[in-house]
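Report on one structure; see the data block that follows.
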Amino acid sequence: MTAHTGATPAQSLLSVRDLIVEIPTRRGVLRPVDGVSFEIQAGEILGVVGESGAGKSITGAAIIRLLERPARIAGGSVHLAGRRIDTLDSDSLRRVRGGQIGTVFQDPSTSLDPLQRIGDQLAETARLHLGVSRSNARERALQALIDVGIPGAAERLDAYPHEFSGGMRQRVVIALALIGEPDLVIADEPTTALDVSVQAQVLGLLKNLCRERGTGVMLITHDMGVIAETTDRVAVLYAGRVAEVGPTPAVLTDAAHPYTRGLMASTPNPIPGDKHQRRLQQIPGSMPGLLSVPTGCAFHPRCEHTMAICSQRRPPSVPVRSSDVGCWLHSEVPET
Ligand code: SF4
């Protein structure tokens, strides 16, 4: 399924086309990512949302080729600033990771070395990816901590990760992701482990820093509230496929895909400033397991608009208003 975004790989900061990830198992080949396409422009925040099992995190991991074995990319392409990166050798890819692409994960311990001082970790990353001198790297490390709002940054350079609170540690991870001056940041549930009061601060910080620097962001979350507050565009994933991708305000207020509408109806107050009280409605059924993805449109057993074609053929992604939508309600049904 190809998104009709109109942009070419050369024009977009990140272009993911028809990406397929497969996991061979004794019971068959699983496809947690099945033909995913989207683009991210410089300075843009794309939210990737869906229920657990939709393929959000594995799509992010595939882009930077951090898939856990035996998962592997089985098709499609990934271009960063016009350069194809899914076929790079491991040395070139290591330079892209941390250099052109920064990462922020839910658990800071996956990014921070508990045995190394924060300042040393930041300076080492700056030296590795920017090729700066030791003293310049130290200055950059200090500035990076100041930029993410660490109080007493000069004194905290010599602290270890465990000496920071959860919220402050995640700020350090953001500093680490940005110190290599990346073009793109992939943030996977970056605030899910934090207190609600700290979540908004950390997300606001990530958003502002990336805006100022023109950094593109792929923000993976299960939280429609985070999407509404933080992103410019949103891709809604279902069973490893893009159900709908478009500008966030349009998708939140006028979704074209029945699954997106269901997600919205099951989220309390997803639209910022909207005080209307509505009855929450659950989508019947649950996300299919990877061994039992339904034929045709994977959402058809749960959809109230199912037609005969829905269980037979997978819908193409077509432009609908300002979005791209994979649903037969918006496509011409082929004659059989
Ligand atoms: Fe529903 Fe059919 Fe559209 Fe799938 S393709 S979302 S089953 S109407």
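The values are calculated or read from the model by the stated rules, or taken from the named source; none is laboratory data. A quick note: this is a predicted structure, and the numbers were derived from the prediction, not measured. Here the Cβ is made from the backbone with ideal geometry for all residues, glycine too, and neighbour counts use every protein chain on show. Quick note on the areas: whole protein, heavy atoms, side chains included, nothing else; ligands and nucleic acids left out. Shrake-Rupley method; radii C 1.70, N 1.55, O 1.52, S 1.80 Å.
Here are a few things to note about the model shown:
- Scan of the stretch 191-218 for residues that are surrounded by 14 or more Cβ atoms within 10 Å (Cβ to Cβ), modelled with pLDDT of 85 or more and in a loop (DSSP other than H, G, I, E, B), ordered by number: 191, 215
- When the residues of the stretch 285-336 are filtered to those that are β-branched (Val, Ile, Thr) and open to solvent by 40 Å² or more (accessible area, probe 1.4 Å), the one that is farthest from the ligand (Cβ to nearest atom) is 336.
- Checked against (1) at pLDDT below 95; (2) open to solvent by 20 Å² or more (accessible area, probe 1.4 Å), residue 247 passes all but condition (1).
- Members of the stretch 265-304 that are under 24 Å from the mean Cα position of the chain (by Cα), at pLDDT 95 or above and either under 23 Å from residue 223 (Cβ atoms) or not in a loop (DSSP other than H, G, I, E, B) (or both): 298, 299
- Residue in the stretch 148-169 that is of a type outside the set (A, V, I, L, M) and within 18 Å of the chain's Cα centre (by Cα) present: no
- Selection status of residue 169, at pLDDT 95 or above, part of a helix (DSSP H, G or I), touching a helix residue (DSSP H, G or I) at 6+ places or on another chain (Cβ under 8 Å) and not hydrophobic (A, V, I, L, M, F, W, C): no
- Looking across the stretch 156-166, the residues that are closer than 11 Å to residue 118 by Cα and either surrounded by 12 or more Cβ atoms within 10 Å (Cβ to Cβ) or out of contact with any Lys or Arg (no Cβ under 8 Å at 6 or more places or on another chain) (or both) come down to 156, 157, 159, 160, 161, 162, 163, 164.
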